[in-house]
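First comes the structure, then the notes that go with it.
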Amino acid sequence: MITLITGATSGIGEQLAKKYADLGDTVIACGRNTQKLIQLAQHPQIEACEFDVTDLQAIKSATIAYTHFDRVILNAGNCEYIDDARHFDSNLFSRVVTTNLLSMGYCLEALLPKIKPGGQLVLVSSSVTYLPLPRSEAYGASKAGVSYLAKSLAVDLTDVYVTLVHPGFVKTPLTDKNDFPMPMAVSAEKAADYIISGVKKRRKEVHFPYRFTLILKCLRILPLPLWLKLAKGLSR
């Protein structure tokens with residue numbers, strides 16, 4: 001099996017690369033961190049592939065030698081928060097949406113035609129999409145787009161299985177900067193285990209940790225005005 005993973009130099013992506021390689025897959029580990037890619041490529045089953053997911057031509061050039069993939073996991077992303085919505089930071093918004101959402105389109109154009117019939121496409125979104133949360137205008141909007149994109153692809157793709165991943169809080173270098181509690185957070189290694197298990201079962205949606213994501217899903221049934229009142233309390 002040939003598995004390509006974007007965002008493989010840190011956090012969930014790094015753990016997925018290592019675990020799939022240990023399972024015997026040939027892993028194409030993609031990212032921008034040259035040194036980390038060199039370290040990953042020391043594993044006999046991992047090949048380094050360096051590119052920026054926001055650069056379509058770079059993606060195509062870096063992957064031109066690969067004729068097919070059995071599995072493509074689009075995991076690369078970034079998280080920044082809008083700290084003052086009244087003075088909206090459009091540059092931050094554009095940066096986050098480009099990295100998290102537009103990059104998916106670039107990767108799909110370059111990589112989707114190379115997924116073998118019966119292969120798998122995995123898009124990593126976030127459980128932030130279940131409910132509007134404080135300071136999440138940029139991150140939440142970008143991930144909501146990813147979720148809708150994955151669901152639409154699941155409708156239109158007839159020979160590729162699509163799996164949408166909605167993680168809860170995961171302890172990674174990206175979330176280390178969070179200045180708020182992260183209830184029921186799991187390690188990147190545990191997150192990778194959840195994803196690998198769900199992808200193996202070809203689930204349409206993989207969400208974890210289950211207790212946390214189920215609570216969020218239940219809260220979605222609240223009337224919006226009531227949830228907004230509760231959410232405003234979280235931001236104080």
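Things to note:
- Candidates are the residues of the range 148-172 that are in contact with a Pro (Cβ under 8 Å, 6 or more places away or on another chain) and closer than 20 Å to Tyr210 by Cα; the one that is surrounded by the fewest Cβ atoms within 10 Å (Cβ to Cβ) is Phe169.
- Residue check, Ala141 surrounded by fewer than 20 Cβ atoms within 10 Å (Cβ to Cβ), within 20 Å of Cys107 (Cβ to Cβ), of a type in the set (Gly, Ala, Ser) and modelled with pLDDT of 90 or more: yes
- Only a single criterion out of (1) closer than 17 Å to Gly31 by Cα; (2) in contact with a Leu (Cβ under 8 Å, 6 or more places away or on another chain); (3) surrounded by fewer than 20 Cβ atoms within 10 Å (Cβ to Cβ) is not satisfied by Pro132, namely (1).
- In the range 181-209, residue modelled with the lowest pLDDT [restricted to those that are more than 27 Å from Asp70 (Cα to Cα) and loosely packed, with under 12 Cβ neighbours inside 10 Å]: Pro181
- The lone exception for Ser94 - which of (1) surrounded by 18 or more Cβ atoms within 10 Å (Cβ to Cβ); (2) in a helix (DSSP H, G or I); (3) polar (S, T, N, Q) it fails: (1)
- Within the range 58-87, tally of residues that are assigned to a loop (DSSP other than H, G, I, E, B) and in contact (Cβ under 8 Å) with a residue 12 or more places away in the chain: 13
The values are calculated or read from the model by the stated rules, or taken from the named source; none is laboratory data. This structure is a prediction, so every number in the text was calculated from the model and none was measured. For neighbour counting, all protein chains shown are included, and Cβ atoms are generated from backbone atoms with ideal geometry for every residue, glycine included.
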